[in-house]
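> Could you have a look at this structure, given as structure tokens, before my questions?
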Amino acid sequence: MKALYCLYILSCSLFIFSCNNSTIKQQEDVAALSDTTSVNGFSGDEVKLVKTAGLHCKVHEVEKSARVVSALAQQFGGMVFNLSTEYEETGRNELQLSDDSLMIVTVATPQANMTLRIPSQNLEAFMYGVADIGYFTRSSTLNIDDRSLQYMENILKQKNRTAVIAGSSIRSDKSFTHTRSIEVKDDVIDKQLANKNIDAQVNYSTVSLTLYQNQVIRKEVVANYAVNDYQLPFSQRLGNAIANGWQLFQSFLLVLAHLWMFVFIAAGAYCYYRFLQHKRKMGSLALKHSS
């Protein structure tokens with residue numbers, strides 16, 4: 001009885017294990033098909049899926065995180081194609097410490113914009129690694145563009161043009177001019193290069209990454225660049241004012257010396273006016289006594 005019970009347990013275990021293996025195999029097949037099947041009906045090597053991704057996340061320190069992302073890209077077989085770091089100034093205040101020095105306080109938001117090319121098979125792992133570097137993900141995008149039909153179209157057009165060129169050379173068709181031959185050959189080259197570009201985009205995904213952090217406050221003491229703030233001491237300015245006043249008085253005397261004739265005429269006119277007033281007054285007093 002005990003042997004039968006053990007045999008029953010063993011058979012149940014084997015059945016459950018086989019079911020699990022079948023489920024795992026089905027999941028693997030579905031996962032494999034998701035990357036090797038096109039919505040246009042292509043499969044295998046004919047599938048050309050171009051993946052692009054974007055990530056906008058917040059980090060503790062932009063410059064250090066950018067170096068970590070660059071190292072992570074190299075670890076997954078990719079590289080950084082573009083990197084730009086900027087500090088957007090959102091506030092500024094200037095405090096005068098002395099006549100010749102200022103303390104400048106600025107508030108800025110550091111940000112780094114990166115463009116990377118990552119092997120497509122490592123794209124998801126790279127995106128998860130970048131997300132772990134930051135502590136807040138603002139936005140994340142993943143786009144898959146199926147270029148299978150375009151790729152097949154380029155191949156068929158290339159074969160068609162190649163056949164036209166080969167046929168014209170065999171039958172020496174005079175209507176197929178030299179210029180037209182060059183145009184067709186150039187079109188064949190364009191289709192080849194277009195497919196090369198699609199292959200490159202399929203093999204290496206483009207990732208647009210934006211890193212930013214909290215605002216930072218920076219303080220620095222610089223020389224005072226306001227020229228009007230530089231003044232002499234009060235005692236020296238007072239002495240200069242007295243000297244300048246004396247020079248102005250001397251200049252005024254020189255002006256009067258240049259105008260001495262006008263001064264003499266004005267003084268004579270004033271004396272004559274006073275004489276007439278005195279004579280008129282004396283005449284009025286004489287008339288009053290005579291009456």
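> What is the Rg over Rh value, at two decimals, for segment 39-104, using alpha-carbon atoms and the Kirkwood definition of Rh?
Numbers: Rg = 22.9 Å, Rh = 17.3 Å.
That ratio equals 1.32.
> Rg and Dmax in Å for segment 171-291, alpha carbons only: what are they?
Calculated on Cα positions, Rg and Dmax stand at 50.7, 153 Å.
> I'd like to compare 79-92, 101-114, 256-269: which one has the highest average count of other Cβ atoms within 10 Å, and what's the full order after that?
101-114, 79-92, 256-269
> Moving on. Check N224: other-chain or 5+ apart residues with amide H under 5 Å from its amide H, H built from backbone geometry?
Those lying under 5 Å, H to H, from N224 are S101, L102.
> Provide the gained length on full extension for the span S139 to V216, in nm with one decimal, where the gain is 0.36 nm per separating residue minus the Cα-Cα distance.
Working: separation 77, 0.36 × 77 = 27.72 nm, distance 2.25 nm.
Extra length from S139 to V216 when fully extended: 25.5 nm.
> What are the residues whose amide H is under 5 Å from the amide H of K48, where those residues sit 5 or more places off or on another chain and H is modelled from the backbone?
R147, S148
> Ok, one more. How high is the FRET efficiency from Y270 to I242, r the C-beta distance, R0 45 Å, rounded to 0.05?
0.85
> Continuing with this model, one more query. Beyond a 26 Å Cα-Cα separation, which of these cross-linked pairs lie in this structure: K58/K196; K159/K196; K64/K196? Don't jump to the answer; show the numbers that get you there.
On the way: K58/K196 36 Å; K159/K196 16 Å; K64/K196 36 Å.
From K58/K196; K159/K196; K64/K196, over 26 Å: K58/K196; K64/K196.
> Using the beta-carbon distance between V184 and D146 and R0 = 22 Å, what value does 1/(1 + (r/R0)^6) give for FRET efficiency, to the nearest 0.05? All intermediate terms of the calculation are to be shown ahead of the outcome.
Numbers: r = 29 Å, r/R0 = 1.30.
E between V184 and D146, to the nearest 0.05, is 0.15.
> Let me ask you something else. Please compute the Cα-Cα pair-distance distribution of segment 80-146 with 10 Å bins starting at 0, giving whole percents from short to long.
14, 32, 23, 15, 11, 5, 1
> Calculate, in nm to one decimal, what S251 and T90 gain on full extension: separation in residues at 0.36 nm each, minus their alpha carbon distance.
Working: separation 161, 0.36 × 161 = 57.96 nm, distance 5.50 nm.
That works out to 52.5 nm of additional length.
Each reported figure results from applying straightforward, stated rules to the coordinates on display, with no laboratory input. It should be emphasised that the depicted structure is a prediction, and the values quoted were computed from it without experimental measurement. Note: ideal-geometry Cβ built from the backbone for every residue, glycine included; neighbour counts use all protein chains shown.
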